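Read-outs throughout are calculated quantities, based only on the coordinates presented, and are distinct from any laboratory measurement. This is a predicted model, so every value here is computed, not measured. For neighbour counting, all protein chains shown are included, and Cβ atoms are generated from backbone atoms with ideal geometry for every residue, glycine included.
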Amino acid sequence: VGWRPNPVLKIWMDHIHMVPHRGKSTLIPFVPVRELFTSPLYLTYEGSLTEPPCEETVTWVVLNKPGYITADQLWHLQSLRRGTQGQVLPVTGNYRPLQPLHSRAIRTNIPPYPKVSPC
């Protein structure tokens with residue numbers, strides 16, 4: 001959480017109140033997903049969903065630089081509901097303890113050594 005709003009998330013946050021529950025939808029201005037990326041460098045690995053049934057159907061992408069949002073933007077995200085209208089099912093608890101790597105491959109486009117300028 002930082003002090004400067006994420007400009008891409010701001011576009012979504014301006015419309016988020018229109019979709020408070022699962023099954024609702026609204027049109028928002030087009031924003032390329034790459035605008036959310038804080039760096040062109042990343043790690044990727046095959047993993048699982050973070051809540052039951054924890055199916056191994058996810059490719060996780062971890063950027064090498066963090067992105068920041070404001071406390072207000074975080075609050076708006078936390079106010080979303082995964083249930084239908086009338087159900088109180090907050091979008092929280094979608095995490096679990098670190099899992100063993102097992103034989104998963106970690107792939108990256110990050111160079112292994114810093115660039116060295118010629119003498």
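Under a Gaussian network description of the chain, with springs only between Cα atoms under 10 Å, the residue in 32, 100, 40 that fluctuates furthest is 100.
Within 13 Å, Cβ to Cβ, of residue 40, how many net charges do the neighbouring residues add up to if Lys/Arg are +1 and Asp/Glu are -1? Walk me through the intermediate numbers first.
On the way: positive: 34, 65; negative: 35.
The answer is +1.
On a straight-distance basis, which lysines could pair with residue 24 in a cross-link, Cα separation under 26 angstrom, same-chain partners fewer than 8 positions away excluded? Within the straight-line cut-off, residue 24 pairs with 10.
Compared with the alpha-carbon gap, the fully stretched path from residue 63 to residue 79 is longer by 3.2 nm at 0.36 nm per residue.
In debye, nearest 20, what is the charge dipole magnitude of the chain about its Cα centre with +1 on Lys and Arg Cβ and -1 on Asp and Glu Cβ, if you could check?
Working: 12 positive and 7 negative charges, 32 e Å.
It works out to roughly 160 debye.
Listed from fewest to most Cβ neighbours within 10 Å, the set 42, 68 follows the order 68, 42. The list (1) 11.8; (2) 11.1; (3) 7.0 gives values of mean projected area of the Cα convex hull in nm², and only one came from this structure; which label was calculated from it? Comparing each candidate, only (2) matches the computed number.
A Förster radius of 41 Å combined with the Cβ-Cβ distance from residue 35 to residue 102 puts the calculated FRET efficiency at roughly 0.75. For the pair residue 45 and residue 113, a Förster radius of 25 Å applied to the C-beta separation gives a FRET efficiency near 0.70, rounded to the nearest 0.05. Considering only 35, 55, 46, the mean-square fluctuation computed in a Gaussian network model of the chain, springs between alpha carbons under 10 angstrom, is largest for 55. GNM on the chain, alpha-carbon springs under 10 angstrom: the most fluctuating residue among 43, 63, 27 is 27. When you restrict to C-alpha pairs under 8 Å that are six or more residues apart and normalise by the size of the chain, the relative contact order lands at 32 percent.
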